[in-house]
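Below you'll find the structure, written out as C-alpha cells, and then a few comments.
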Amino acid sequence: MKNLIPRVLISCPTSDRHAHLLKDWIKHLDEFTYQYFDVLLVDTTQDNGEYSKILEKQIVHGKPIKVIRIPWNSEKDHILRHLAYCRERIRQECLAEDYQFLLFLDSDIFLNQSLLLKSSRNSLQRLMAQFKDNIGICVSIYHKPYQKPCILKSGDIIISKGVDLYSYEEVSAYRAFVKRYLENKLTKKEKGLVPFIIKDLKNPYSIKCYASGIGLLLIKREVLEKCQFRTSEQFLWGEDFWYFSEANDKNFEFWCDLSPELEADHRNVNWNMILEKSKGHVNINLAFGPEDAKEARFVHEVSPEDYTETQTKVLVLDKGYKNEKK
C-alpha cells in the first residue's frame with residue numbers, strides 16, 4: 001500500500017568548505033514543522049574521510065543523517081562533472097526508496113530561519129502542497145554586488161554573459177502586481193492582464209519559468225524517474241543545465257514561488273579555489289545556429305584562456321552527454 005503521507009529526501013553534495021555552516025544548517029532543518037523527511041549528504045571532500053565522520057554524527061528530528069562519501073579527484077575531473085555525478089547518485093538513492101519528493105537544499109542555503117517566521121518553517125509543506133513537477137523559491141546566486149535570483153527565463157546561454165536570468169527588479173515588479181491583485185487594488189485595465197501574468201490563481205506568487213536553481217528545488221518522483229543528472233564531454237556549464245534541458249524537453253514544468261516570506265539566505269562559499277583546481281579539465285565549444293535547434297554542429301573550439309567576449313548563443317544539445325562517471 002502506498003504511503004499516504006508523502007516522504008521527502010532532503011539532500012545535496014557537500015564538503016568541508018561548508019563545515020563552518022554545518023551546525024546552523026542542521027539546526028534549521030530540525031526546526032521544520034514537517035518531519036516526514038530524511039537527510040542524505042554526499043561528501044565530496046578530498047580527505048581521508050574525517051569530514052564524513054563529522055557528518056555521520058549529525059541528528060535531525062531525532063534521526064541520524066545518511067552520508068555517502070564520493071571524494072572529488074581534482075586531477076582527473078572538473079568539479080561540475082563530479083557534482084553532476086553526485087546529484088545523479090542522489091537521484092538513484094531517492095528512487096530506491098519510497099520518497100515522493102526530492103528536495104535539493106545546498107548546505108550553504110537557509111530557508112530564512114533567522115526570521116523565525118512560521119511561514120518559513122512551513123516552507124516545505126507550502127512547496128509540496130502546490131504539487132508542481134519542479135518548484136523552488138527565490139535564491140540569490142553570485143557574491144555581492146553581482147547577485148541575481150537563480151530563476152531562468154530560457155535555456156539560452158550567452159558567452160560572457162551567462163544564463164538568461166530574471167532580475168531582482170523583475171521579481172519585485174511581479175510581487176508588487178500580485179500584492180495589489182490580492183488586495184483588490186488593480187485598475188480595470190490591469191485586471192485584464194491577470195490571466196497573462198498570473199499563471200496559477202491558487203498560488204499567485206508562483207511563476208512558471210524555464211528552471212529554478214538546483215540549490216533549492218523540490219522535485220516530484222515522476223520527474224526523477226524520467227530525467228537524469230549528467231554532463232557533456234563537449235560542453236560544460238553547471239551540473240544542473242542538462243537536467244533542466246531534459247525536463248523541459250519532456251514537458252515537465254518548473255515553477256518558482258516568489259512569496260516574499262519564503263526567500264532563502266544563500267551564504268555563498270567562495271568558489272575560486274575549487275575552480276582553480278578544475279583548470280585543464282574543460283574546453284568551451286561555441287555553437288552557431290537557430291535558437292530552436294535541437295542539435296548543433298561545433299564549428300570552433302577554444303580553451304578558457306583564449307576565448308573572447310563573444311555574444312554567441314550556445315544551443316541546447318541532445319547529443320554528447322554522458323550518464324556515467326569515468
Restricted to the range 82-107 and to residues being assigned to a helix (DSSP H, G or I) and under 15 Å from the mean Cα position of the chain (by Cα), the residue surrounded by the most Cβ atoms within 10 Å (Cβ to Cβ) is Ala84
Search the range 64-79 for residues that are of a type in the set (S, T, N, Q) and pair each with any residue that is surrounded by 16 or more Cβ atoms within 10 Å (Cβ to Cβ) and in a loop (DSSP other than H, G, I, E, B) when their beta-carbon atoms are under 8 Å apart and the residues are at least 6 apart or on different chains.
Ser74/Ser278
Unmet requirement for His18, which otherwise passes all of (1) closer than 23 Å to His266 by Cβ; (2) without any contact (Cβ under 8 Å) to a residue 12 or more places away in the chain; (3) not acidic (Asp, Glu)
(2)
Residue that is modelled with the highest pLDDT, among those in the range 160-176 that are crowded, with 17+ Cβ neighbours inside 10 Å and among the hydrophobic types (A, V, I, L, M, F, W, C):
Val171
Which residue out of Leu201, Leu186 is out of contact with any helix residue (DSSP H, G or I) (no Cβ under 6 Å at 6 or more places or on another chain), modelled with pLDDT of 95 or more and not in a helix (DSSP H, G or I)?
Leu201
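May I ask you to verify whether Phe229 is surrounded by 18 or more Cβ atoms within 10 Å (Cβ to Cβ), modelled with pLDDT of 90 or more and assigned to a loop (DSSP other than H, G, I, E, B)?
yes
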Gln58, sole failed condition from (1) loosely packed, with under 15 Cβ neighbours inside 10 Å; (2) out of contact with any Pro (no Cβ under 6 Å at 6 or more places or on another chain); (3) without any contact (Cβ under 8 Å) to a residue 40 or more places away in the chain:
(1)
For the range 28-55, what are the residues that are polar (S, T, N, Q), free of Cβ contacts under 8 Å to residues at least 40 places away in the same chain and in a loop (DSSP other than H, G, I, E, B)?
Gln35, Thr45, Gln46, Asn48
Restricting attention to the range 108-120, and to residues there that are assigned to a helix (DSSP H, G or I) and out of contact with any helix residue (DSSP H, G or I) (no Cβ under 7 Å at 6 or more places or on another chain), which single residue is modelled with the lowest pLDDT?
Ser114
Mind listing just one residue for me: the one in the range 252-272 that is acidic (Asp, Glu) and in a loop (DSSP other than H, G, I, E, B) and, of those, modelled with the highest pLDDT?
Glu253
Check Val60, Val42 and return the single one that is touching a Leu at 6+ places or on another chain (Cβ under 8 Å) and under 23 Å from Arg221 (Cβ atoms).
Val60
Under 7 Å by Cβ, and 6 or more places apart or on different chains, what pairs join a residue from the range 204-218 that is of a type in the set (Phe, Trp, Tyr) with one that is surrounded by 20 or more Cβ atoms within 10 Å (Cβ to Cβ) and in a strand (DSSP E or B)?
Tyr205/Asp257; Tyr210/Leu152; Tyr210/Phe254
Where Ser11 falls short, out of the listed (1) more than 21 Å from Gln92 (Cβ to Cβ); (2) assigned to a strand (DSSP E or B); (3) of a type in the set (Ser, Thr, Tyr):
(1)
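Being in contact with a Ser or Thr (Cβ under 7 Å, 6 or more places away or on another chain) and part of a strand (DSSP E or B) is the filter; apply it to the range 63-81 and report the residue that is surrounded by the fewest Cβ atoms within 10 Å (Cβ to Cβ).
Of everything passing the filter in the range 63-81, Arg69 is surrounded by the fewest Cβ atoms within 10 Å (Cβ to Cβ).
The values are calculated or read from the model by the stated rules, or taken from the named source; none is laboratory data. Bear in mind the structure is a predicted one, so any value in this text is a computation, not a measurement. Every residue, glycine among them, receives a Cβ derived from its backbone with ideal geometry; neighbour counts consider all protein chains shown.
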